[in-house]
1. Do we have any residue at all in the stretch 60-75 that's under 19 Å from Phe37 (Cβ atoms), loosely packed, with under 11 Cβ neighbours inside 10 Å and not aliphatic (A, V, I, L, M)?
2. Within the stretch 96-105, track down each residue that is more than 9 Å from Leu30 (Cβ to Cβ) and not in a strand (DSSP E or B).
3. Can you find a residue in the stretch 23-30 that is among the charged types (D, E, K, R) and open to solvent by 80 Å² or more (accessible area, probe 1.4 Å)?
4. Looking at the stretch 47-59, which of its residues are part of a helix (DSSP H, G or I) and open to solvent by less than 50 Å² (accessible area, probe 1.4 Å)?
5. Out of Ala74, Ala143, Ala137, Ala112, which single residue is without any contact (Cβ under 8 Å) to a residue 60 or more places away in the chain and either touching a Lys or Arg at 6+ places or on another chain (Cβ under 9 Å) or polar (S, T, N, Q) (or both)?
6. Looking for whichever is under 22 Å from the mean Cα position of the chain (by Cα), on the phi < 0 side of the Ramachandran plot, of a type in the set (Ser, Thr, Tyr) and at pLDDT 85 or above here; the options are Ser134, Ser108, Ser102. Which one fits?
7. Restricting to the stretch 85-109, name every residue that is in contact (Cβ under 8 Å) with a residue 12 or more places away in the chain, open to solvent by 70 Å² or more (accessible area, probe 1.4 Å) and of a type in the set (Lys, Arg).
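The values are calculated or read from the model by the stated rules, or taken from the named source; none is laboratory data. Here the structure is a predicted model, which means the values were calculated and not measured. Please note: Cβ atoms are built from the backbone with ideal geometry, for glycine as well, and neighbour counts cover all protein chains shown. When the accessible area is computed, the model is the full protein with side chains, heavy atoms only, and any ligands, DNA or RNA have been set aside. Shrake-Rupley method; radii C 1.70, N 1.55, O 1.52, S 1.80 Å.
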Amino acid sequence: MNSSTVSARSAPKESAKTHRRQERTIQIPLAWLELLFGLVLLIGVAVYLYEATQLPAPINPKAVGAGDFPMMIASGTLVAIFMMCCQGLWKVFREKKPVLVSLNRPVSVIIAMLVLGGIGAFLNALGVIIAMVSLSALLMMAAGERRPLQLIAVPLGLALGLYAVFVLVLSVYFP
């Protein structure tokens, strides 16, 4: 009877598919990712705050005007994001072994972001229904869907469903 705890088998070989999958993964320390997104959000909220200061003051000095509510939202968000950035800096300098975040298929994510930006830019020129069908089909392709029936049926079903809900039920007409 063999009671050995050590196996004599060699380690399993990695397939080419597993190796390709590992190549398409980017690993980033979580603290740096938090800091990066915090700075991007900080800039975005600062621009929002600047735009809120440009809104007109209310006629009644006791009333909350058009610019007051956005100022309150922007100020609170700015404080929260600043605190998040400080926490990110703290983690960058204090962590001995950083937690890594794996980003799988970064090219697909970038393509999906470009599709969203492109549809947003051409929404008025294309019309809502055509933009919806295009957006959903292109996003499905960017996510890896390659079955033709799915690429045709899901976008058309989505467009028809949204048309039925908004136009037929709610009487909200698309431009």
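1. For the stretch 60-75, residues under 19 Å from Phe37 (Cβ atoms), loosely packed, with under 11 Cβ neighbours inside 10 Å and not aliphatic (A, V, I, L, M): absent.
2. Lys96, Lys97, Arg105
3. Yes: the stretch 23-30 contains one or more residues that are among the charged types (D, E, K, R) and open to solvent by 80 Å² or more (accessible area, probe 1.4 Å).
4. Matches in the stretch 47-59: Leu49, Ala52.
5. Exactly one residue qualifies, and that residue is Ala143.
6. Checking each option against the conditions leaves just Ser134.
7. Answer for the stretch 85-109, where residues must be in contact (Cβ under 8 Å) with a residue 12 or more places away in the chain, open to solvent by 70 Å² or more (accessible area, probe 1.4 Å) and of a type in the set (Lys, Arg): just Arg105.
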